[in-house]
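First the structure, in the form of structure tokens, and then the observations on it.
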Amino acid sequence: MPIFEHPDFDHHRQIVFGSDEASGLRAIIAIHDTHRGPALGGLRIYPYASEAEALTDVLRLSRGMTYKSALADLPLGGGKAVIIADPRTDKTPELLRAMGRLVDSLGGAYITAEDSGSSEADMRIIAETTRHVSGLGRDGSESGDPSPFTAWGVFCALKSAVRHGLGRRDLEGLRVAIQGVGHVGAHLARHLHAAGARLVLTDVNREAAIHLAEEFGAETTAPDAIFDAEVDVFAPCALGAALTPEVVERLRAKVVCGAANNQLASPEIAERLMARGILYTPDYVANAGGVIEIAWQRRDDYRREAAMTRIEGIGTTLDEIFTRATREQRSPARVADDLARERFGRG
């Protein structure tokens with residue numbers, strides 16, 4: 001399997017393949033950059049169709065974490081880990097402990113946390129075999145789940161995007177399509193509903209979407225039909241690569257802002273969105289709330305209020321990105337990348 005010629009290889013510092021016969025562990029850890037500090041990134045457990053698919057995902061996700069931490073001005077680099085497994089049927093304490101040993105073998109260069117397919121409870125098991133784990137809360141008194149913080153950051157990002165893309169300062173009556181109503185998507189839906197937005201929801205778990213729709217008086221639609229919804233904002237909150245050339249042509253929304261990582265199927269999609277007059281919110285800027293909270297959890301002077309204030313600064317960062325993108329007639333994705341590279345030493 002080629003690494004250095006891989007289209008998503010971006011001068012990553014380290015890529016580690018790990019296995020454990022007893023537990024069935026098959027995992028990849030990618031450390032993208034450590035200029036600003038140790039590489040922090042979540043553990044995704046997913047039944048990838050192939051090792052090549054898992055490698056592509058971990059390379060892209062780890063790179064995104066570097067850019068995310070840089071634009072959030074955190075003393076952290078970017079990394080990610082994936083386990084090739086079905087979290088519903090293959091996840092066992094033995095597998096998680098084996099993953100902890102793999103993380104520990106890197107000596108703190110990589111710090112793991114929960115992500116798709118893993119939970120705070122899983123992190124506690126991993127912590128039995130490594131201390132290089134975050135997202136556990138503090139002193140056992142609070143949840144370490146970063147989802148509410150990620151959702152709040154996306155909500156702040158969406159308000160900035162609506163100001164710049166639609167010229168609106170309120171969300172009353174705004175129509176928003178949310179693709180994926182898992183932990184983050186559901187929290188985002190609650191914030192938007194409270195702000196007066198009208199929602200269209202979809203999820204591969206149809207029952208979850210219907211349940212949330214009943215709570216908010218929202219509409220639901222089939223997963224593939226969400227792109228055609230007559231809305232102002234499209235919020236991708238499921239897995240990555242949702243924005244393909246075909247999807248861009250189908251979108252009715254004029255703003256894209258969501259929680260999913262790696263929303264662009266390929267980099268040139270940013271230009272396609274711009275050509276259609278759709279304002280794209282760089283995903284790693286919008287969804288940085290969770291990593292900001294995790295970074296603050298690691299501090300001795302942790303205060304929830306201070307962490308929330310820092311998360312709300314996502315809107316200010318995006319104001320700068322959108323303003324510069326308009327002035328320079330460039331995609332916000334390109335502007336964000338340039339700003340991030342300046343901060344982690346590749347500018």
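The values are calculated or read from the model by the stated rules, or taken from the named source; none is laboratory data. Remember, it's a predicted structure, so these values are computed and weren't measured experimentally. Please note: Cβ atoms are built from the backbone with ideal geometry, for glycine as well, and neighbour counts cover all protein chains shown. The accessibility values were calculated without ligands, DNA or RNA, using every heavy atom of the protein model including side chains. Shrake-Rupley method; radii C 1.70, N 1.55, O 1.52, S 1.80 Å.
Between ALA286, ALA307, ALA70, the residue with the greatest mean-square fluctuation in the GNM of the chain (Cα pairs under 10 Å linked by springs) is ALA307.
Between the amide H of ARG168 and those of ARG163, distances stay under 5 Å, these residues lying 5 or more places away or on another chain, with hydrogens modeled in the peptide plane. Computed in the context of the full set of protein chains, the accessible area of the chain at 1.4 Å probe radius has 48% of its extent on carbon or sulfur. Here the Karplus relation 6.51 cos²θ - 1.76 cosθ + 1.60, evaluated at θ = phi - 60°, turns the backbone of the stretch 104-120 into coupling constants of 5, 5, 8, x, x, 5, 10, 10, 9, 7, 6, 7, 4, x, 10, 9, 4 Hz, with x for every Gly and Pro.
In sequence order, the stretch 317-322 has phi-based couplings of 4, 5, 4, 5, 5, 5 Hz under the Karplus curve 6.51 cos²θ - 1.76 cosθ + 1.60, θ = phi - 60°, and Gly or Pro positions carry x.
Write down the Kirkwood hydrodynamic radius of the chain, to one decimal in angstroms, obtained as one divided by the mean of 1/r over all alpha carbon pairs. Every distinct Cα pair counted, the radius reaches 20.2 Å. Selection among VAL231, GLN297, ALA195 by position relative to the dipole of the stretch 194-347 gives GLN297 as farthest towards the positive end (Cβ unit charges, Cα centre). Note on the stretch 269-332: Kirkwood radius taken over Cα pairs, Stokes-Einstein applied at 10 °C and 1.306 mPa s, translational D equal to 120 µm² s⁻¹. Looking at the chain alone, DSSP beta bridges between its own residues are antiparallel in about 35 percent of cases.
The angle between the Cα long axis of helix 206-216 and the main principal axis of the chain comes to about 50°, on a 0 to 90 degree scale.
Annotation: per residue accessible area for the chain equals 42 Å², rounded to a whole number [probe 1.4 Å, protein chains only]. Remark: relative contact order (the stretch 20-107) = 41 percent; criterion is Cα-Cα distance under 8 angstrom and separation of 6 or more residues.
One equal scatterer on each Cα of the stretch 1-139, no solvent, Debye formula: the resulting log10 I(q)/I(0) at q = 0.11, 0.15, 0.19, 0.22 Å⁻¹ is -0.34, -0.65, -1.06, -1.40. Using Cβ point charges alone (K and R +1, D and E -1), the dipole size of the chain about the Cα centre works out to roughly 920 debye.
The alpha carbons of the stretch 172-273 give a radius of gyration and a Dmax of 12.6, 38 Å, in that order.
ASP73 to GLU21: FRET efficiency via 1/(1 + (r/R0)^6), r the Cβ-Cβ distance, R0 41 Å, to the nearest 0.05? According to the calculation, E is roughly 0.45. The lysine pair tally for the chain, using Cα distances under 22 Å and a gap of 8 or more places or different chains, is 4. Taking only the C-alpha atoms of the stretch 264-306, Rg followed by Dmax gives 16.2, 47 Å.
Each Lys and Arg adds +1 at its Cβ and each Asp and Glu adds -1 at its Cβ; summed about the Cα centre, the stretch 195-308 shows a dipole of about 300 debye. Of the chymotrypsin sites (Phe, Trp or Tyr not before Pro) in the stretch 1-108, the ones in a loop by DSSP (not H, G, I, E or B) with at most 12 other beta carbons within 10 Å are PHE4.
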